[in-house]
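Here the structure comes first, spelled out in C-alpha cells, and everything after it is commentary.
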Amino acid sequence: MIRAILIFNNHGKPRLSKFYEHYTEDTEQQIIRETFHLVSKRDENVCNFLEGGMLIGGSDYKLIYRHYATLYFVFCVDSSESELGILDLIQVFVETLDKCFENVCELDLIFHVDKVHNILAEMVMGGMVLETNMNEIIMQVDAQNKMENTFLWELFIGIKPEIGSNFK
Amino acid sequence: MPAPIRLRELIRTIRTARTQAEEREMIQKECAAIRSSFREEDNTYRCRNVAKLLYMHMLGYPAHFGQLECLKLIASQKFTDKRIGYLGAMLLLDERQDVHLLMTNCIKNDLNHSTQYVQGLALCTLGCMGSSEMCRDLAGEVEKLLKTSNSYLRKKAALCAVHVIRKVPELMEMFLPATKNLLSEKNHGVLHTSVVLLTEMCERSPDMLSHFRKLVPQLVRILKNLIMSGYSPEHDVSGISDPFLQVRILRLLRILGRSDDDSSEAMNDILAQVATNTETSKNVGNAILYETVLTIMDIKSESGLRVLAINILGRFLLNNDKNIRYVALTSLLKTVQTDHNAVQRHRSTIVDCLKDLDVSIKRRAMELSFALVNGNNIRGMMKELLYFLDSCDPEFKADCASGVFLAAEKYAPSKRWHIDTIMRVLTTAGSYVRDDSVPNLIQLITNSVEMHAYTVQRLYKALLDDISQQPLVQVASWCIGEYGDLLVSGQCEEEEPIQVTEDEVLDVLEGLLVSNLSTPVTRGYSLTAIMKLSTRFSSVNRIKKVVSIYGSSIDVELQQRAVEYNALFKKYDHMRPALLERMPIMEKTASNGPTEIVQTNGETEPSMGESKHPPPIGQPANQANDLLDLLGGNDVPVIQTTMPTKTASSGGELLDLLGDLSLSGGPAPAPAPSVPTSQPTFLLDGISSQPLFNDIAAAGIPPMTAYNKNGLKIDFTFERANPNPNIAVITIHASNSTEADMTDFVFQAAVPKTFQLQLLSPSSNVVPALNQGTVTQVIRVLNPQKQQLRMRVKLTYTHKGSAFQDLSEVNNFPPQSWQ
C-alpha cells in the first residue's frame, strides 16, 4: 500500500501532498520536511530507495523517489509494493502529466494543483494502484474536464444542464 | 462584497512574497476574506474559495473551517462543485471529526447517480477516507457496483471494496460472490484491481486462500497471454505488455502457492517461462524478474527453478543500476536462510558491495555478509569486515562491531586470532561497542592462559597510543593489573617482547586516573589494577602513596576503593597476597544447570566485609558423605572441594568459609577448587591456588560404557586437561531407553586412596525416557601416581514410582585415561 505521495521542489516547498493514512496537519508538514531532508542529501548516482524516516512509520516503510529537473516525486510505500514497480509508476505518472499539460514544468503544477490531484485520483485510489495505462487515464480526465466545462458554459448562457451522458 | 479572487491570482500573489512573514500575512488576509464569504452562504463562489483553502492547506496553514463548506459543495448538483468538494473532503476530513458522517448520505446518493464520473468521485472518496461506520453503511452499494459491466466503475469499486475490507474485515464474505467472474474481464484496469482485491482477501483469511486456489490455472493463463501476445500498443511499456499486471499476478501466485504443493506445481512452468523470456535491458523487465524470483523462493518450487532464481539474483548484483543491486541484496538476505549454499557462491560480489558509496546498499551488504560468515571463510570475511568497520559511517559501527564479535565467537580459528580481532575492533570502533563486550573480552582473555603475556603486551602498547576509547582502556587496565608481572618480565612468545619497567607501567595507570578522558568506571578499573600490582611489583611504596591520595577523592566510588585498599595495606597486610592473587578461569554461563547461582556483585569489587557468596554446592558434599558410609574402609573416598571461590581470608575475624581450602598457592596435589558457577564479575578477586586449566583439549581417549542395566546406560567420555596431565576430566552421559522418565537421578562415585575425585553438578536430575536426552556430569580425577584408574559407582533414581538403587564397579577404563 502507498502511504503518501509527495511532490516538492529543490528547496523543499511542497507542490502536492496526498496522504492515504491519516495524520494531523502538523505531522503532515513535519513529514514533508523530514522527507525533504532525507531525499535532498542523496547523491545523484545512488539508488532510489531510502528507508523511511521515523515519523512516517519506521523500518517497514520505504521512500521511493525520482528527481526530475527541479522536482522530487516521492512515494512512501510499505513492503507489499514492489519497489521497481513503483519506480515505473512514478514514470507513468510524470508522462501522464506531461501529456495533459503539454511539456509540464513546475509552474503548471503550481497553478493547477487541483488538476494534478484529479489526475492522481485516476491512478491511485486509497493507497492502491488503480490504473496504469496512460491513455486510459488521460481519456477519463479529459472526459471529466469536459463535463466541468459543459456545466460552466451552460450555466453562463442560462440552459439547465442535462446530466446523463455516459462517456466511455 | 467584491468577488473573491481566483485561485490563480492568489497563487501569483503568494509567490511574490519575499519572506515567510509576508506570505503569512497575505494568507491570513485571504483567509479572513474567505471566512466572510462563507458566512454569506454564497453559492457561486464557494467552489473557488474552497480551492484556495486547499492550496493554503498544502502550504501548511490551518484550514479546518472549510470542512463544512466541503460538505455543502458535495451536496451541490454541479460537477465542478462536487469535484472540489470531494477533493476537499479527502484532504481536510478524516474519521476523527464527526462532521464526516454527514457525508454518508451524499455519497450514497452519488453512488447511484446516473453519471459515471460522479459515481467515480464518490467511490474514490469512500475508498480513500471512509470510516468504518461509513463503510458498513455503504458496503452494499459498493458490492452492487462491483457487478456492473461498466469497467470504469468496476475497477474503482474493486479498490473501494479493498478499503472496506480493511476497515471492516467482517464484511469480506459479502464480496465473495461478486468476485466470481472478475478475472474473466478483458479490461486490464479491472483485471489489475481485481487481482489486488483477491490478494487482499487471501492475505486476510486462510479460508479465502483455499477457496481461491482454484483460480491458479486461470491466473496462469492470463499471465501466459500477456507474455505471448506480442505487441499490444495500449498496454505496452518499453516493449513489455502491461508489466504492472504481470507483477500483480505474480504476487498473487506467490500467496496462493506458498504452502501448497499442487498450486506450486501448476505454476512451475509459467515461472520458468517468465524468468527466461523477459527482456532485462530496461527497468520494467527487471521488475518482473524480481517479482518472479521472489515468487519462486516463496512457493514450493523444484530445486532447478530455485537455482535459476538465485542465478538471476547473482546477475542482478553485477548490474550497473544501483536500484537493481539494492533489490538483489534485499532478496538475497531473505533467501540466505533457506538456500545458504547457493548464496555463498556470490559471496565475493556481496563483499564488494561493502565498498559501494550508497548507504542503503552498504547496509544491506553488511547484513548479508554477516549471514554468510562460516567456519571456512571466517578469516577472509573478517578482514573485509574489519576494513569496512574502519571506514564506515558511525551509524553502522555499532551494528558492525556487534556482528564481528558474534561471528568471531562462533567461528574463531584460534585464540590468538580471536583476541587480535577483538582488539582491532576496540581500537577502531571502541566507543561504539556494546557494554557487555568488556566483560566478555575479559573472560575470553582469562580463558586463554597461554596468550596472557601476548595479550597484556598488545594492550599495553594500545594504551600508549590512545586512551580515549573507554572499553579498550578498561580491558587494558584490568589485564595489566592481572598480568603486569608478565609484562615487565618480558616473557612474550608470540611477539617481540617489549622492555617495560614497573615505573613506566605505573605511570600509564596513574595517567588514566588523572586523565579527563577517563570515565569514573575506567578510573575504578585503573585504581584496582594499581592495587593488584602491589603483589606483583616491587615498588609497593609508590602504590601505597597513590592509593592513599585517592582516599580523599571527591568521587565516592574511588574514595571507597582507596580507603579499603589503604586498610588492606595497614591492617591486613598479611592477607594482601592472598586477596590479590590471579583470577581463576571463568567458565561460561551456559554450563552446568541447577547450581548456577549467578550472583552478580555489581561492577565493583570486593570490599572487605562483603559476605555475598553463592551457597556452597551442598550436593556433592552429601554424596561424599553417603559414599563414606557405604564403602567403609576399603576405598578412601573423595575429597569434595567444590566450595565456591570467593573472598575469603586465611584467618582473622573475616569470613571463615573455606576452612579446608588451602589458600596460599599450595602444591599441586591439592585439588583445584572448582568454579562451578560462573563468576559474573571478573573483577571479583577470588581465591585460587592455581590458575585453573581452560581449554580442554580432547586428547583422543576413546569413550566407554561404564554401566548398562535396566534401561539406564552411562557412558564416560574423556578429556585431558591442559596443562596438568595428571588430571583426567570425565564426562558421564546418562541415557534412558525405557518408556518412563527416571527422576531424582543421583550419580555418586568413589575412587581408591591414591586418587582424588571431584564431582561437579549434573545438568539435571531427570533422565528423559526413550533416549530423548542425556544427563551429563563432569568428574575430575587427579592421579599423580599414574595408577590404574578404578571407580565405584552408586546410582539412585526413581522409575515408574519406585526407587531404584544400584552399586557397580567400573574397571574398564582405557589405559590412556590414566597413563
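The values are calculated or read from the model by the stated rules, or taken from the named source; none is laboratory data. Nothing here was measured: the structure is a model prediction, and the numbers come from that model. Please note: Cβ atoms are built from the backbone with ideal geometry, for glycine as well, and neighbour counts cover all protein chains shown.
The table below lists the values:
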{"read-out": "Hits in region A:4-17 - residues which are buried (at least 22 other Cβ atoms within 10 Å of the Cβ) and either at pLDDT below 90 or within 21 Å of B:Ser131 (Cβ to Cβ) (or both)", "value": "A:Ala4"}
{"read-out": "Any hit, region B:78-98, residues being over 25 Å from B:Lys52 (Cβ atoms) and either acidic (Asp, Glu) or touching a residue at least 60 places away in the same chain (Cβ under 8 Å) (or both)", "value": "yes"}
{"read-out": "Yes/no for B:Ser149 being assigned to a loop (DSSP other than H, G, I, E, B), modelled with pLDDT under 90 and at the interface with chain A (Cβ under 9 Å from one of its Cβ atoms)", "value": "no"}
{"read-out": "Residue match in region B:521-535 (condition: surrounded by fewer than 19 Cβ atoms within 10 Å (Cβ to Cβ) and under 41 Å from the mean Cα position of the chain (by Cα))", "value": "yes"}
{"read-out": "Pairs, first under 19 Å from B:Glu482 (Cβ atoms) in region B:558-584, second among the small types (Gly, Ala, Ser) and in a helix (DSSP H, G or I), C-beta under 8 Å, six or more apart", "value": "B:Arg561/B:Gly524; B:Arg576/B:Ser534; B:Leu580/B:Ser534"}
{"read-out": "Hey, B:Met134 over 21 Å from A:Glu122 (Cβ atoms), under 48 Å from the mean Cα position of the chain (by Cα) and crowded, with 21+ Cβ neighbours inside 10 Å or not", "value": "yes"}
{"read-out": "A:Thr35 vs. criteria touching a residue at least 24 places away in the same chain (Cβ under 8 Å) and not hydrophobic (A, V, I, L, M, F, W, C)", "value": "yes"}
{"read-out": "Residue in region B:108-126 that is in a helix (DSSP H, G or I), over 14 Å from B:Lys167 (Cα atoms), more than 13 Å from chain A (Cβ to nearest Cβ) and hydrophobic (A, V, I, L, M, F, W, C) present", "value": "yes"}
{"read-out": "Residue in region B:267-280 that is assigned to a helix (DSSP H, G or I), of a type in the set (Val, Ile, Thr) and either within 12 Å of another protein chain (Cβ to nearest Cβ) or touching a strand residue (DSSP E or B) at 6+ places or on another chain (Cβ under 6 Å) (or both) present", "value": "no"}
{"read-out": "Subset of region A:84-118 [closer than 15 Å to A:Phe73 by Cα, buried (at least 18 other Cβ atoms within 10 Å of the Cβ) and away from chain B (no Cβ under 13 Å)]", "value": "A:Leu97, A:Val104"}
{"read-out": "Among the residues listed as B:Ser391, B:Ser369, the single one being over 24 Å from B:Tyr454 (Cβ atoms) and either among the basic types (Lys, Arg) or touching a residue at least 12 places away in the same chain (Cβ under 8 Å) (or both)", "value": "B:Ser369"}
{"read-out": "Inter-residue pairs, beta-carbon under 8 Å, first under 11 Å from B:Leu289 (Cα atoms) and in region B:261-274, second small (Gly, Ala, Ser), 6+ apart", "value": "B:Leu271/B:Ser301"}
{"read-out": "Among (1) crowded, with 21+ Cβ neighbours inside 10 Å; (2) among the β-branched types (Val, Ile, Thr); (3) more than 8 Å from every other protein chain (Cβ to nearest Cβ), the one test that B:Val99 misses", "value": "(1)"}
{"read-out": "Subset of region B:488-518 [closer than 24 Å to B:Val449 by Cβ, under 38 Å from the mean Cα position of the chain (by Cα) and buried (at least 20 other Cβ atoms within 10 Å of the Cβ)]", "value": "B:Leu509"}
{"read-out": "3 or more residues under 39 Å from the mean Cα position of the chain (by Cα), more than 14 Å from chain A (Cβ to nearest Cβ) and more than 21 Å from A:Leu130 (Cβ to Cβ): qualifying helices (runs of 4 or more DSSP H) within region B:160-245", "value": "B:206-212"}
{"read-out": "Every residue from region B:493-539 that is assigned to a loop (DSSP other than H, G, I, E, B), out of contact with any Lys or Arg (no Cβ under 9 Å at 6 or more places or on another chain) and of a type outside the set (S, T, N, Q)", "value": "B:Glu493, B:Glu496, B:Pro497, B:Val500, B:Leu517, B:Phe537"}
{"read-out": "Leading residue by the ranking (surrounded by the most Cβ atoms within 10 Å (Cβ to Cβ)) among those in region B:167-190 that are under 26 Å from B:Pro243 (Cα atoms) and charged (D, E, K, R)", "value": "B:Glu185"}
{"read-out": "Residue list for region B:11-22, filter: more than 10 Å from every other protein chain (Cβ to nearest Cβ) and in contact with a Lys or Arg (Cβ under 9 Å, 6 or more places away or on another chain)", "value": "B:Ala17"}
{"read-out": "Complete set of residues in region B:795-819 that are in a strand (DSSP E or B) and under 45 Å from the mean Cα position of the chain (by Cα)", "value": "B:Leu795, B:Thr796, B:Tyr797, B:Thr798, B:His799"}
{"read-out": "Of all residues in region B:147-159 being touching a residue at least 24 places away in the same chain (Cβ under 8 Å) and surrounded by fewer than 23 Cβ atoms within 10 Å (Cβ to Cβ), the one that is farthest from the chain's Cα centre (by Cα)", "value": "B:Asn150"}
{"read-out": "Elements of type strands (runs of 3 or more DSSP E) contained in region A:1-107, each with 3 or more residues being within 26 Å of B:Pro243 (Cβ to Cβ) and among the hydrophobic types (A, V, I, L, M, F, W, C)", "value": "A:2-9, A:71-77"}
{"read-out": "Some residue of region B:308-325 being closer than 20 Å to B:Leu215 by Cβ and aromatic (Phe, Trp, Tyr)", "value": "no"}
{"read-out": "Filtered residue count, region B:99-150, keeping only those that are of a type in the set (D, E, K, R) and more than 16 Å from B:Met172 (Cα to Cα)", "value": "2"}
{"read-out": "Test set (1) assigned to a helix (DSSP H, G or I); (2) within 14 Å of chain A (Cβ to nearest Cβ); (3) more than 28 Å from B:Ala272 (Cα to Cα) - B:Tyr326 fails condition number", "value": "(3)"}
{"read-out": "Answer from A:Glu148, A:Glu122 - the residue that is touching a Ser or Thr at 6+ places or on another chain (Cβ under 6 Å) and facing chain B (nearest Cβ under 9 Å)", "value": "A:Glu148"}
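Per-residue answers, yes or no, for (1) crowded, with 21+ Cβ neighbours inside 10 Å; (2) on the phi < 0 side of the Ramachandran plot:
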position	(1), (2)
B:Ser229	no, yes
B:Ser238	no, no
B:Gln246	yes, yes
B:Leu253	yes, yes
B:Thr280	no, yes
B:Ile288	yes, yes
B:Val293	yes, yes
